[in-house]
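The values are calculated or read from the model by the stated rules, or taken from the named source; none is laboratory data. The structure presented is a predicted model; accordingly, all values stated were derived computationally and were not measured. Virtual Cβ from ideal backbone geometry, glycine too; neighbours counted across all protein chains shown. Side chains included, ligands, DNA and RNA excluded: accessible areas come from the protein's heavy atoms. Shrake-Rupley method; radii C 1.70, N 1.55, O 1.52, S 1.80 Å.
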Amino acid sequence: MGSEQIGQGGLTSKASPGKATILALGKAFPHQLVMQEFLVDGYFKNTNCDDPELKQKLTRLCKTTTVKTRYVVMSDEILNKYPELAIEGIPTIKQRLDICNDAVTQMAIGASRACIKKWGRSVSDITHMVYVSSSEARLPGGDLYLAGGLGLSPETQRVMLYFSGCSGGVAGLRVAKDIAENNPGSRVLLATSETTIIGFKPPSVDRPYDLVGVALFGDGAGAMVIGTDPVPVTESPLFELHTAIQNFLPNTEKAIDGRLTEEGISFKLARELPQIIEDNIEGFCHKLIGVAGLTDKDYNKMFWAVHPGGPAILNRMEKRLDLLPDKLNASRRALMDYGNASSNTIVYVLEYMIEESRKMKAGAANCDWGLILAFGPGITFEGILARNLTI
């Protein structure tokens, strides 16, 4: 597995006593890098499909998603070993889980090691773990295998969030914040890991919505270390997590519908999903920013770390909130470089956010406040009012 982590330093803001902070970020990916321009031919070849209409539709979708590159676990070796994964109607859940359970563990270990290395303290200082995935199912869960792979203490307290979908990364961050603030001196490892093999299927005219996932989703893992009261010199906080909330929208549970079947996970995304998010985003944001005494007049002074569910969601948010074009740059870059990697993607967005904040000119009309947002099954809105401590 390849892994990367982000550098730190150059702080101009101090963390508030007792408030949870993100102390380090890390990520890891499988070895297969897919260029979007070659995806269509490769996918139809691997699934032995020659339907010209489906191929044309996927070609259009690949252009509209704005994705350029993605990492995936799926490989020729896997398809050669498990050719049934590309055949319609064959029960393959056991094979899929065998692949996914191992893959997400290895990626989570890689991302966590990268994160802990950048954090700069010993793995033995991790007291708690929050593990997030919608790509595995087993007992015991991936949290235990991650703890073993990292050599964490058997006394490490673990929490596992399964099948939270695209909101899982921010949900995990909310839980990690609560743990850190209620256990002074603790250090919480948040790890997310996802692979699309759990839902890989051949194209079908009966499931045209599957092609959206083929054009949009990617694999990988992300990690963060969260804690309060950073140790001077040793720890360099990146973001302070001030207030976290979660809301679900009643009667929208069918808008993001996922089912675990004998052929893997099947997803249906409602066409009206972007519109539902647009209609509800402003009220949700007001709940968060009001805590800091901010109003909608401050939107373009804030930073926006938004999970990029797809370009339509980002475009509608930008329009509804009247955001300047550069406000969602970090989200658009993450989508372009990694696709929608489900719960992991918010880690990639935050990395780009730090990179861009360090390029800002001194005295620029920006404040250190901002929002970390994601949307998932429910429809569930996850949001954290945060301060960027790197500017």
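Remark: spin-label model distance ARG259-ASP279 equals 2.5 nm, labels positioned 7 Å along the Cα→Cβ axis. What 222 nm value per residue comes from the helices of the chain, counting each DSSP H run with n ≥ 4 as -39,500 (n - 2.57) and dividing by all residues, nearest 500 deg cm²/dmol? Theoretical 222 nm ellipticity from helices: -11000 deg cm²/dmol.
Surface exposure of region 1-143, expressed per residue as accessible area with a 1.4 Å probe, stands at 48 Å².
The fraction of accessible area contributed by carbon and sulfur in region 52-125 is 53 percent, rounded to a whole number (1.4 Å probe; ligands and nucleic acids excluded). Using the 1.4 Å probe convention, the accessible area of region 205-251 works out to 39 Å² per residue with neighbouring protein chains retained.
Pairs of lysines 8 or more apart, or on different chains, with alpha carbons under 22 Å: count those in region 198-303, would you? Write down the numbers at each step before the final one.
On the way: LYS201/LYS254; LYS201/LYS268; LYS254/LYS268; LYS287/LYS297; LYS287/LYS301.
Total qualifying Lys-Lys pairs in region 198-303 comes to 5.
Computed on the chain, with alpha-carbon pairs under 8 angstrom and 6+ residues apart, the relative contact order is 25 percent. Amide H contacts under 5 Å for GLY264: THR92, ILE93, restricted to partners 5 or more places along the chain or on a different chain, H placed in the peptide plane at 1.01 Å from N. Within the straight-line cut-off of under 21 Å between alpha carbons, the lysines reachable from LYS68 are LYS27, LYS45, LYS55, LYS57, LYS327, sequence neighbours fewer than 8 places apart in one chain being disregarded.
On a 0 to 90° scale, report how tilted helix 273-289 is relative to the longest principal axis of the chain, with both axes built from alpha carbons and the result rounded to the nearest 10. Computed tilt is about 10 degrees.
Can you run the Rg to Rh ratio on the chain? Use alpha carbon positions and the Kirkwood inverse-distance Rh. Present the calculation step by step, with values, prior to reporting the outcome.
On the way: Rg = 20.2 Å, Rh = 21.1 Å.
Using Cα coordinates only, the ratio equals 0.96.
Sparsely packed loop sites in region 231-308 (the GluC sites (Glu not before Pro) outside DSSP H, G, I, E and B with at most 13 other Cβ atoms within 10 Å) comprise GLU253, GLU262, GLU272.
Under 20 Å from a label point set 7 Å out along the Cα-to-Cβ vector of LYS63, the amide N atoms of region 213-239 belong to 213-217.
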